[in-house]
Amino acid sequence: MALPLFRYDGPLHLVRSPAELAEALPALAGERVLGFDTETRAAFRKGEAYPPALIQLATAHAVWLLQLRALPTLGGLADLLGSAHHLKAGVGLDYDLRKLRESYAFKPAGFVDLAKMSDAAGFRANGLRGLAAHVLGLRVAKQAQCTNWARADLTDQQLRYAATDAWISREIFLALEKLLPQNPPHHEPHTSR
């Protein structure tokens, strides 16, 4: 708790239409490493489940938040998510990718699980908060985690929380990459599709 609290305050782009997604793709495809995360509306009753509501992708210069309720298909993003040449770094990838594939057709490639990467670097804390603390010396707040991500109008707190998770994922990857002598372990999602 003594670590400085980090909140991403850089450029943020909210993608709410196929046209806006098409505009975002060149900037996303121009990156070697993307921070990756998803947000799903919290379920509080047994048997209740929701599809992912948001995909977050962080580049070196900005974060893109894609509201999935407005995107009937992933369009060209499916190619990016299936590209082994574009690394997508995040935590809890099995669940995120399985849930995304229930709604969208794509074959994941180039995903790097930060938990596996941190194990290889000798860190025992594998969650995003723990890795942010141990690798970057930053504290990440998690207050907005259990909010309604399926809302059409997300609050500024939700937007900044979601952007922070993607941005931190990318920064952790870059820091761990410097510590590892070889290529980072790629994530092979356990999917049945």
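Do we have LEU131 as touching a residue at least 60 places away in the same chain (Cβ under 8 Å), crowded, with 18+ Cβ neighbours inside 10 Å, on the phi < 0 side of the Ramachandran plot and not in a loop (DSSP other than H, G, I, E, B) here?
Working: touching a residue at least 60 places away in the same chain (Cβ under 8 Å): no; crowded, with 18+ Cβ neighbours inside 10 Å: yes; on the phi < 0 side of the Ramachandran plot: yes; not in a loop (DSSP other than H, G, I, E, B): yes.
Judged against the criteria, LEU131 is not a match.
Which residues, counting only those in the range 141-170, are aliphatic (A, V, I, L, M), in a loop (DSSP other than H, G, I, E, B), at pLDDT 80 or above and crowded, with 18+ Cβ neighbours inside 10 Å? Steps first, answer last, please.
Of the residues in the range 141-170, the ones aliphatic (A, V, I, L, M) are 141, 144, 150, 152, 154, 159, 162-163, 166, 168.
Okay, now just the ones that are also in a loop (DSSP other than H, G, I, E, B), so 141, 144, 150, 152, 154.
Those left that are additionally at pLDDT 80 or above: 150, 152, 154.
Residues satisfying the conditions are ALA150, LEU154.
Does ALA115 fit the bill of being under 15 Å from the mean Cα position of the chain (by Cα), touching a residue at least 40 places away in the same chain (Cβ under 8 Å) and closer than 15 Å to GLY35 by Cα?
It is false that ALA115 is under 15 Å from the mean Cα position of the chain (by Cα), touching a residue at least 40 places away in the same chain (Cβ under 8 Å) and closer than 15 Å to GLY35 by Cα.
Collect the residues in the range 96-128 that are at pLDDT below 90, among the aromatic types (Phe, Trp, Tyr) and surrounded by fewer than 18 Cβ atoms within 10 Å (Cβ to Cβ), keeping them in residue-number order.
The answer is none; no residue qualifies.
Among the residues of the range 61-94, count how many are of a type in the set (Val, Ile, Thr), assigned to a loop (DSSP other than H, G, I, E, B) and within 13 Å of PHE36 (Cα to Cα). Outline the logic, then answer.
Filtering the range 61-94 for residues of a type in the set (Val, Ile, Thr) gives 63, 73, 91.
After this cut, where a residue has to be assigned to a loop (DSSP other than H, G, I, E, B) as well, the list is 73, 91.
Those still in the list that are within 13 Å of PHE36 (Cα to Cα) too: 91.
Matching residues across the range 61-94 total 1.
Just to be sure before I move on: is LEU54 part of a helix (DSSP H, G or I), crowded, with 19+ Cβ neighbours inside 10 Å and in contact (Cβ under 8 Å) with a residue 40 or more places away in the chain in the structure I sent? Step through it out loud before you land on a result.
Values: part of a helix (DSSP H, G or I): no; crowded, with 19+ Cβ neighbours inside 10 Å: yes; in contact (Cβ under 8 Å) with a residue 40 or more places away in the chain: yes.
Considered against the rule, which asks whether it is part of a helix (DSSP H, G or I), crowded, with 19+ Cβ neighbours inside 10 Å and in contact (Cβ under 8 Å) with a residue 40 or more places away in the chain, LEU54 comes out as no.
Looking at ARG41, ARG32, ARG16, which is the one that is surrounded by fewer than 20 Cβ atoms within 10 Å (Cβ to Cβ), in contact with a strand residue (DSSP E or B) (Cβ under 6 Å, 6 or more places away or on another chain) and either over 13 Å from ALA162 (Cα atoms) or polar (S, T, N, Q) (or both)? Walk me through it before giving the result.
On the way: ARG41 fails: either over 13 Å from ALA162 (Cα atoms) or polar (S, T, N, Q) (or both); ARG32 fails: in contact with a strand residue (DSSP E or B) (Cβ under 6 Å, 6 or more places away or on another chain).
Criteria check complete, one pass: ARG16.
Any idea how many residues of the range 121-139 are in contact with a helix residue (DSSP H, G or I) (Cβ under 8 Å, 6 or more places away or on another chain), among the aliphatic types (A, V, I, L, M) and farther than 19 Å from LEU34 by Cα?
3
For the range 61-85, how many residues are touching a residue at least 60 places away in the same chain (Cβ under 8 Å) and closer than 15 Å to ARG170 by Cβ?
2
The values are calculated or read from the model by the stated rules, or taken from the named source; none is laboratory data. Note that the structure is a prediction, hence the values are computed from the model and not measured. Note: ideal-geometry Cβ built from the backbone for every residue, glycine included; neighbour counts use all protein chains shown.
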